[in-house]
Amino acid sequence: MLIPRLFFKMGESKMIKNNEQMTAETQKAIDKMLDLVTTSIDGVEKLTHVQLETSRKILEETSQAIKGFATVTDPKELMARVNQIATSAVEKNIASANDVYNIVKDIQAKISKVAEESVQSMQQAALNSVEGASQFNPTGSNFASDAIKSWINSTNQTLSAINKVASQVAEFTNNNIKAATSATVNAAKKAGSK
């Protein structure tokens, strides 16, 4: 009778440990989801702020410029002021677009980090499961353990390649935005000087 009770106690101990691990993993998942929701809300708040500030500045400058039109009598001066307003509006919109790009890039980086951590956590859980099972069947567990380790290695290589491509795309996009911004501002200034 002592052996079945001892085996039951060992099994009960492992169940408690597994329940504690499950509770800890569930709490981690909840924390990650809350972090993602907070990141999303912060991102929306930042984007809204950028849009409202840009709109406010353009409205203020345009209102002041329109008031200044009343004193202008020379048509060339009037056109120069209109071009100046247009150039300023274009510059502010481009700056706003750059701000939006940076905010979205930061949000994307945070989401990628959480996704990568989740994949690593799943990999570790799979490896722990295989290693835990190998305690009960050590002769057949090497194949499963090796297969899981190979899968984890392949997944890590794939994630590394995806991160490298994403980084290159982000750099390419950033360079193109800078070039387009510069070209647009220069074109607006040339048009304003004519």
In nanometres, the difference between 0.36 nm per residue of separation and the alpha-carbon distance of Ala126 and Asn98 is 5.9 nm
Rounded to one decimal in nm, the spacing of the 7 Å Cα→Cβ label points at Val37 and Gln21 is 2.8 nm
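Read the figures in this text as sums done on the coordinates, not as results from a lab. Note that the structure is a prediction, hence the values are computed from the model and not measured. All Cβ positions, even for glycine, are placed from backbone atoms using ideal geometry, and neighbour counts span all protein chains on display.
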